[in-house]
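Trainee: There's a structure below that I have some questions on.
Just so it is clear, none of the values below were taken in a lab; they were calculated from the coordinates. Because the structure is a prediction, the values reported are computed rather than measured. So basically every Cβ, Gly included, is an ideal-geometry build from the backbone, and we count neighbours across all protein chains shown.
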Amino acid sequence: MGWYDRKVRRVRDLSCGDTRIFLEVEVRRVKCRRCGKVKQERLDFLADNPFYTKRFAYYVGQRCRAAPIKDVAKDLALDWHTVKALDKQYMEAQLKRVGTPGPQVIGVDEISIRKGHDYRIVVSDLVRGRPIWFGGEDRSEASMSQFYAWLGKKKSSRIRLAVMDMWKPFRLATNAHAPQAAILFDKFHVIRHLGEALDAVRKSQYARLRGRERRYIKGQKYTLLSRRENLSLDGKKALKVLLAANKRLNTAYVLKESFGQLWSYEREGWARRFFENWRASLKWQRLKPYEKFAAMIDRHWDGIAA
């Protein structure tokens, strides 16, 4: 085997102060005597993008851990897509060094990767505080099972607790592949369902009212669903006027705010007593979305009180 031809390539390396450094590297192509094909030699110190060294790609990846890709690209005078590709190479190298994790407490969630219902699953190690798996084709039981197949039976059997929302496919996959793990429905997703119930009450009140009475409700979704301490001064004033103008919305808002007390109890019996009293207070209130929410909590109580 002898070299076929050669050329000089300009490769970017680590800067020296504010001066960019470029290396001129001779890259050869060789012709294989056995198969007759011409192939380019591989230089170990170059990144997957052969116009940058590996140590420069590592530097870019480190910068991306603390700053947005857009800012890193501007600071280093690189294209956004170039920085993204170098950052991915850096992350792949880090994952290879870590190996397959063995989590004991996992958090399961889904993210939308584009408009519509196109989801992927994210699993995190809650003890170490970092994501460990991203994948699946959707948020189905089959996609969730891909995580456990990747983790392996031995490490799946070491999971003690799985924190997730009340999405049934996640629960079924966990029961099938990690039956020893306790399942806990996290507070954020439970409160989100209650927020949806409150918004349903708001919509029903808007549809019921006519004329000038509607002006207090229109455009107040964010005001009603936000925590009071997160509202601006104008938002708090608007909330006060809204609740004073509509008795049913006021009742729904107070019930929503009081439900958060459920997580303050240290014993399940006390928490259950609070929930039963909260559900009993719905009687005669004609809040159908809240009654559906209470029934859902009752069905999933084991996962909430875990």
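Trainee: Using +1 on the beta carbon of Lys and Arg, -1 on that of Asp and Glu, and nothing else charged, what's the dipole of segment 105-185 about the Cα centre, debye to 20? Write down the numbers at each step before the final one.
Mentor: Details: 13 positive and 8 negative charges, 71 e Å.
Roughly 340 debye, rounded to the nearest 20.
Trainee: Skipping prolines and chain starts, which residues have an amide H placed within reach, meaning under 5 Å, of the one on Val163, given they are 5 or more residues away or on another chain?
Mentor: Hits under the 5 Å cutoff: Ile106, Gly107, Val108, Leu184.
Trainee: Sticking with this structure for a sec: Have a look at Leu161, Trp301, Tyr265 and report the one farthest towards the positive end of the charge dipole of the chain, computed about the Cα centre with Cβ charges (Lys/Arg +1, Asp/Glu -1).
Mentor: Of the options given, the answer is Trp301.
Trainee: Which residues make up the longest stretch of the chain that has no GluC sites (Glu not before Pro) in a DSSP loop with at most 16 other Cβ atoms within 10 Å? Please report the intermediate quantities before stating the final value.
Mentor: Working: sites that count: Glu41, Glu137, Glu266.
Answer from the scan: 138-265.
Trainee: Here's a follow-up. Give the residue list of trypsin sites (Lys or Arg not before Pro) in segment 221-292 that are DSSP loop and have at most 15 other beta-carbon atoms within 10 angstrom.
Mentor: Working: sites: Lys221, Arg227, Arg228, Lys236, Lys237, Lys240, Lys247, Arg248, Lys256, Arg267, Arg272, Arg273, Arg279, Lys283, Arg286, Lys292; in loops: Arg227, Arg267, Lys283, Arg286.
Qualifying residues, ordered by number: Arg227, Arg267, Lys283, Arg286.
Trainee: Here's another thing I want to ask about it. For segment 250-292, treating each Cα as an identical point scatterer without solvent, what Debye log10 I(q)/I(0) comes out at q = 0.25 1/Å?
Mentor: Result of the Debye calculation: -0.89.
Trainee: Could you tell me the largest-minus-smallest coordinate of the C-alpha atoms of segment 22-74 on each of the three principal axes, in descending order and whole angstroms?
Mentor: Result, largest extent first: 49, 21, 16 Å.
Trainee: Where the Cα atoms of segment 2-97 are projected onto their three principal axes, how long is each span, largest first, in whole Å?
Mentor: Here the Cα extents, ordered largest to smallest, are 49, 32, 21 Å.
Trainee: Between beta-carbons, use under 9 Å as the cut-off and find the net charge around Val72, counting Lys and Arg +1, Asp and Glu -1. Could the numbers behind the result be given before it?
Mentor: Numbers: positive: Arg63, Lys70, Lys74; negative: Asp71, Asp75, Asp87.
Summing Lys and Arg as +1 and Asp and Glu as -1 gives 0.
Trainee: Two decimals is fine: what is log10 I(q)/I(0) at q = 0.06, 0.09 Å⁻¹ for the chain, from a Debye sum with one equal scatterer on every Cα and no solvent?
Mentor: Calculated log10 I(q)/I(0) at the listed q: -0.38, -0.72.
Trainee: Can you work out ³J(HN,Hα) from phi for every residue in segment 103-109, in order, using Karplus 6.51 cos²θ - 1.76 cosθ + 1.60 and θ = phi - 60°, giving whole Hz and x for Gly and Pro?
Mentor: With the stated coefficients, segment 103-109 comes to x, 9, 10, 10, x, 10, 8 Hz.
Trainee: List the relative contact order of the chain as a percent without decimals, with contacts defined as Cα pairs under 8 Å and 6+ residues apart.
Mentor: Rounded, it is 9 percent for the chain.
Trainee: Something else: Quick one: putting +1 on the C-beta of Lys and Arg, -1 on the C-beta of Asp and Glu, what dipole do you get for segment 54-108 around its Cα centre, in Debye to the nearest 20?
Mentor: Values: 10 positive and 5 negative charges, 31 e Å.
Roughly 140 debye, rounded to the nearest 20.
Trainee: If you split all Cα-Cα distances of segment 105-185 into 5 Å bins from zero, what percentages do you get per bin, shortest first?
Mentor: In whole percents, the pair-distance histogram is 3, 17, 29, 30, 15, 5, 2, 0.
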